[in-house]
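Heads up: the structure comes next, in structure tokens.
We did not get these values from a lab; they are worked out from the coordinates using the rules stated. Computed from a predicted model, the values in this text were never measured in an experiment. Ideal geometry is used to build each Cβ from the backbone, glycine not excepted, and the neighbour counts take in all protein chains shown.
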Amino acid sequence: MIVGFTSQTAIEETEKNLEDFNNLKANIRPEIAESGIIVLEKIGAGDIAPYFIKIHKKDAHIIAGARLTKSTHVLTLDKKHINNPATKAKFPDLKIVSPKELLEIIKD
């Protein structure tokens, strides 16, 4: 069974990125609520800080959230900071994948 998690931190970052890069004032919260994805509260600085030395500071909350939820996979489109060989090597117990890669995993 696949259970999806996100956090208020990730939602806020996504909305900010949409505004910064696409000049869109987006509210993705209704779609998240309808999707059945479980939304964690905002991830605290104390939970994020241990990952600053292993991953780009702005993306450390993603790994922190995965750890807090005991997730086995991280689904991301971020190839620059998260879904790359260097980051994957730092977190070998997490399967960091793109949406396409996840679909390939679950179809088998």
Checklist entry - Based on what the data block shows, is residue 4 surrounded by 10 or more Cβ atoms within 10 Å (Cβ to Cβ), of a type outside the set (D, E, K, R) and under 24 Å from residue 106 (Cα atoms)? => result yes
Next on the checklist: Checking residue 19 against (1) assigned to a strand (DSSP E or B); (2) more than 15 Å from the chain's Cα centre (by Cα); (3) not small (Gly, Ala, Ser), only one condition comes out false. Which one?
Outcome noted: (1)
Checklist outcome for this item: Picking from 62, 32, the residue that is free of Cβ contacts under 8 Å to residues at least 40 places away in the same chain and among the β-branched types (Val, Ile, Thr) would be 32
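Would it be correct to say that residue 14 is free of Cβ contacts under 8 Å to residues at least 24 places away in the same chain, out of contact with any Asp or Glu (no Cβ under 8 Å at 6 or more places or on another chain), in a helix (DSSP H, G or I) and surrounded by 14 or more Cβ atoms within 10 Å (Cβ to Cβ)? Before the answer, list the steps.
Details: free of Cβ contacts under 8 Å to residues at least 24 places away in the same chain: yes; out of contact with any Asp or Glu (no Cβ under 8 Å at 6 or more places or on another chain): yes; in a helix (DSSP H, G or I): yes; surrounded by 14 or more Cβ atoms within 10 Å (Cβ to Cβ): yes.
Spelling it out, residue 14 is indeed free of Cβ contacts under 8 Å to residues at least 24 places away in the same chain, out of contact with any Asp or Glu (no Cβ under 8 Å at 6 or more places or on another chain), in a helix (DSSP H, G or I) and surrounded by 14 or more Cβ atoms within 10 Å (Cβ to Cβ).
For residue 64, are the conditions met, namely being in contact with a Pro (Cβ under 8 Å, 6 or more places away or on another chain) and surrounded by 12 or more Cβ atoms within 10 Å (Cβ to Cβ)?
Working: in contact with a Pro (Cβ under 8 Å, 6 or more places away or on another chain): yes; surrounded by 12 or more Cβ atoms within 10 Å (Cβ to Cβ): yes.
So residue 64 passes the test.
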